[in-house]
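Presented below is the structure to which this report refers.
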Amino acid sequence: MSNSSAQSSNFIRHIIDQDIANGKNDGKVVTRFPPEPNGYLHIGHAKSICLNFGVARDYQGQCNLRFDDTNPEKESQEYIDAIKKDVQWLGFNWSELRHASDYFEKLYEYAVELIKLNKAYVCSLNAEDIRKQRGTLTEPGIESPYRNRNIEENLELFADMRAGKYKEGEHVLRAKIDMGSGNINLRDPVLYRIKYATHPRTQDKWCIYPMYDYTHCISDSLEGITHSLCTLEFEDHRPLYDWVLDELKTPSHPQQIEFARLSVEYTISSKRKLNLLVSDKHVDGWDDPRMPTISGMRRRGITPESIREFCDRIGITKKDAFIEMSVLENCIREDLDPRSNRLMCVINPLKVVIENYPDDKEEEFTAKNHPKDPEQGKRSIPFSKIIYIERDDFMEEPTKDFFRLGSGKEVRLRNAYDIKCTDVIKNDMGEIVELLCEYDPDSAGKNKKKLKGIIHWVSAKHAINVETRIYDRLFNTPNPGAVEDIISTLNNKSLSIHKDSKIEPHAKTITLEDRVQFERQGFFCLDSKHTKEKLVFNRIVTLRDSWTKPGQASKK
RNA sequence: UGGGCCGUCGCCAAGUGGUAAGGCACCGGGUUUUGAUCCCGGCAUUCGUAGGUUCGAUCCCUACCCGGCCAGCCA
């Protein structure tokens, strides 16, 4: 669990502390989380959610959930619903639920106001001409020939735009600022455009829609937002945010503060690209357990607690940062380790016959469900002559640093006997199909041989057949976002399905809400989408492994 | 070569005029029937570079260098 009393501070909290000390906003703190409903939320949004809701919580303020729904062509109710679910699942409750579309009428009135102030005009250039006249990074733009239309004409044209008298692209409302500005956002930015699209909420009421820059600042003001926190790419937009609020008589003038967006190694957080993976079926939907989406992480079994802790640890700064996967993984393990029941599951089974064990004998061993927490109780594990062990736990000619089972070698079966491998049986292809072993009848629960190797096992007769799904990083490169063709960097081993995994009978008690540890392998949970008659387990995260397999390069 | 932002250990990140917190990673050691957990220890004479101010600079000033961001009728 996150230690909220040790909440790390950051430059935004310092600013808020200052504001409160100065009595700004009457000491109130109001934030908002403003997603566009054009896709599912991902780990990057989690950072923003934790920041905005976290700040509101810690300063006894408010945080609204506001959908930035000004582009009906890309937005949908499906996304709105999914986003609400994800925010709540992460553990946050919004003070008020709003939509930018709630303000369309008000926004329109303000636009009329801007025209009357001679600060906005209807421009009849087409999109391409506007682009050409915007200039470049090093050359100033050219003023539109429509820039000096008189106020009456602008008012009439704008009203007619709303009334649907024009086609898409025929006119646009622009702010009258400065075509020579070094900041391109100030070169008479478009405020409204015509779109004959059905909006998820306002349906066909409108055919003109306000642009982000114009909408966001006014929405913030109308909601009494005090600190409008957004990512770095909006830094250049702040002068425009301030310009709109300075020109108009809005209720307040919130302060926009920008912070660095989150980048995690081996993932992407571009909704466009995530959407591509989904629509081209490279993954099993937005909630594929390999996806960096909130819903994907949820299905994977990652807890909201770990995600919140992760967001706490990475901090809030203005520095573009790349976070290593290990930070997230560590948060997950820290959360899961103390609360997960232990179980033995053989993912990739190898049959073992214990030759000196009586044919029909069965025994029950008792094992702790958690090595350090007696509260989690005990369970019994059946043992018999034929068992399965992990293929990776046997090496025919073991290297010196391999202390599991090998030909002629002895190993301890976790919670049971010590066994020694006496023979290896292979098929025609030369593949190992079975091991013959001998057990030491006096070794259970004892430690007379001080064996270093301890492996997990499952009694063949009692095993439940389950499917295990082992996930690896979705991409092969640390920064897939920088790769042109995202598909080419997909890791084709990111999912491996083991349909014949064997687990001890106690697995019957596992519910969809549980997270468990398969000893020596990692933390797992049931897959909500595939578990029906058959149990399907997702690997959430591996256990830390300080041993690098022989013949394999270090994972670094 | 326009505007704006950033630069403290491999990856994050505190500190901001008085002589470098913490986490992850990594490396040792201890406990352990999970090569897990847990525990103990190690890990920046140095804060992009070069000057300057100062008794003293990561922190102030100047210049330079590196790296992102911006030319949607997207957000």
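Just to be sure I understand, how many residues within the stretch A:269-327 are in contact with a helix residue (DSSP H, G or I) (Cβ under 8 Å, 6 or more places away or on another chain) and either assigned to a loop (DSSP other than H, G, I, E, B) or not aromatic (Phe, Trp, Tyr) (or both)?
Qualifying residue count for the region: 40.
Going through the stretch A:196-232 one residue at a time, which ones are among the acidic types (Asp, Glu) and closer than 29 Å to A:GLN60 by Cα?
Those that are among the acidic types (Asp, Glu) and closer than 29 Å to A:GLN60 by Cα: A:ASP213, A:ASP220, A:GLU223.
Which of the residues spanning the stretch A:358-402 are crowded, with 16+ Cβ neighbours inside 10 Å and farther than 19 Å from A:GLY522 by Cβ?
Within the stretch A:358-402, A:PHE365, A:ARG379, A:ILE381, A:PRO382, A:PHE383, A:SER384, A:LYS385, A:ILE387, A:PHE394, A:MET395, A:PRO398, A:PHE402 meet the criteria.
Over 28 Å from A:ILE510 (Cβ atoms), surrounded by 20 or more Cβ atoms within 10 Å (Cβ to Cβ) and not aliphatic (A, V, I, L, M): which single residue out of A:THR293, A:THR267, A:THR317 fits that description?
A:THR267
Determine which single condition A:ARG414 fails, assuming it passes every other condition in (1) in contact (Cβ under 8 Å) with a residue 40 or more places away in the chain; (2) in the same structural domain as A:CYS525 (by TED's automatic domain parsing).
The failed condition is (2).
Can A:ASP527 be described as touching an Asp or Glu at 6+ places or on another chain (Cβ under 9 Å), away from RNA strand B (no atom under 16 Å from the Cβ) and at pLDDT 95 or above?
Yes: the conditions hold for A:ASP527.
Among the residues of the stretch A:157-170, count how many are within 40 Å of the chain's Cα centre (by Cα) and in contact (Cβ under 8 Å) with a residue 40 or more places away in the chain.
2
Inside the stretch A:190-204, can you point out the residues that are surrounded by fewer than 23 Cβ atoms within 10 Å (Cβ to Cβ) and either in contact (Cβ under 8 Å) with a residue 12 or more places away in the chain or of a type in the set (A, V, I, L, M) (or both)?
A:VAL190, A:ARG193, A:ILE194, A:LYS195, A:TYR196, A:ALA197, A:THR198, A:HIS199, A:PRO200, A:ARG201, A:THR202
Can you work out which of the residues in the stretch A:428-450 that are touching a Ser or Thr at 6+ places or on another chain (Cβ under 9 Å) and of a type in the set (A, V, I, L, M, F, W, C) is farthest from RNA strand B (Cβ to nearest atom)?
Of everything passing the filter in the stretch A:428-450, A:LEU436 is farthest from RNA strand B (Cβ to nearest atom).
Conditions: (1) over 20 Å from A:ILE487 (Cβ atoms); (2) in contact (Cβ under 8 Å) with a residue 60 or more places away in the chain. A:LYS271 meets all but one. Number of the miss?
Answer for A:LYS271: the failing condition is (1).
Return yes when A:MET179 is under 29 Å from A:GLN255 (Cβ atoms) and either of a type outside the set (Val, Ile, Thr) or assigned to a helix (DSSP H, G or I) (or both) and no when it is not. Talk me through it step by step, then tell me what you get.
On the way: under 29 Å from A:GLN255 (Cβ atoms): yes; either of a type outside the set (Val, Ile, Thr) or assigned to a helix (DSSP H, G or I) (or both): yes.
Spelling it out, A:MET179 is indeed under 29 Å from A:GLN255 (Cβ atoms) and either of a type outside the set (Val, Ile, Thr) or assigned to a helix (DSSP H, G or I) (or both).
Against the conditions (1) surrounded by 14 or more Cβ atoms within 10 Å (Cβ to Cβ); (2) of a type outside the set (A, V, I, L, M); (3) closer than 29 Å to A:LYS493 by Cβ; (4) out of contact with any strand residue (DSSP E or B) (no Cβ under 8 Å at 6 or more places or on another chain), where does A:ARG339 fall short? Just the number, please.
(3)
Does A:VAL244 fit the bill of being within 18 Å of the chain's Cα centre (by Cα) and either modelled with pLDDT of 95 or more or at positive phi (or both)? Can you show your working first?
Values: within 18 Å of the chain's Cα centre (by Cα): no; either modelled with pLDDT of 95 or more or at positive phi (or both): yes.
When the stated conditions are applied, A:VAL244 does not pass them.
Okay, residues lined up against (1) more than 27 Å from the chain's Cα centre (by Cα); (2) outside any loop (DSSP other than H, G, I, E, B):
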position	(1), (2)
A:LYS448	yes, no
A:LYS452	yes, no
A:HIS462	yes, no
A:ARG473	no, no
A:ILE487	no, yes
A:SER496	no, yes
A:HIS506	yes, yes
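For residues that are of a type outside the set (S, T, N, Q) and more than 11 Å from RNA strand B (Cβ to nearest atom), tally how many sit in the stretch A:289-338.
16
What tally of residues in the stretch A:191-223 results from selecting those that are more than 13 Å from A:PHE67 (Cβ to Cβ), in a loop (DSSP other than H, G, I, E, B) and touching a strand residue (DSSP E or B) at 6+ places or on another chain (Cβ under 9 Å)? Let's see the steps before the verdict.
Going through the stretch A:191-223, the residues more than 13 Å from A:PHE67 (Cβ to Cβ) turn out to be A:191-198, A:203-211, A:213-214, A:217-218, A:220-222.
Next cut, in a loop (DSSP other than H, G, I, E, B) only: A:195-198, A:204-207, A:211.
Still in the running and touching a strand residue (DSSP E or B) at 6+ places or on another chain (Cβ under 9 Å): A:195, A:197, A:205-207, A:211.
Adding up the residues that qualify gives 6.
Looking at (1) of a type in the set (S, T, N, Q); (2) in a loop (DSSP other than H, G, I, E, B); (3) surrounded by fewer than 20 Cβ atoms within 10 Å (Cβ to Cβ), which one does A:SER144 not meet, given that it meets all the others?
Condition (3) is where A:SER144 drops out.
Quick check on A:ALA367: is it in contact with a strand residue (DSSP E or B) (Cβ under 6 Å, 6 or more places away or on another chain) and closer than 17 Å to A:LYS452 by Cβ? It would help to see each step written out before you state the result.
Values: in contact with a strand residue (DSSP E or B) (Cβ under 6 Å, 6 or more places away or on another chain): yes; closer than 17 Å to A:LYS452 by Cβ: no.
When the stated conditions are applied, A:ALA367 does not pass them.
For the condition over 25 Å from A:ILE503 (Cβ atoms), in a loop (DSSP other than H, G, I, E, B), within 10 Å of RNA strand B (Cβ to nearest atom) and not assigned by TED's automatic domain parsing to the domain that holds A:THR509, what is the one hit in A:LYS400, A:LYS372?
A:LYS400
Of the residues that sit in the stretch A:46-97 and are of a type in the set (S, T, N, Q) and within 16 Å of RNA strand B (Cβ to nearest atom), which one is farthest from A:LYS195 (Cα to Cα)?
A:ASN52
Of everything in the stretch A:333-365, what is under 19 Å from A:TYR439 (Cα atoms) and either free of Cβ contacts under 8 Å to residues at least 40 places away in the same chain or part of a loop (DSSP other than H, G, I, E, B) (or both)? Give them in sequence order.
A:GLU355, A:ASN356, A:TYR357, A:PRO358, A:ASP359, A:ASP360, A:LYS361, A:GLU362, A:GLU363, A:GLU364
The values are calculated or read from the model by the stated rules, or taken from the named source; none is laboratory data. If you're wondering where the values come from, they're calculated on a predicted model, not measured in any experiment. Neighbour counts are summed over all protein chains in view; Cβ atoms, including those assigned to glycine, are modelled from backbone coordinates with ideal geometry.
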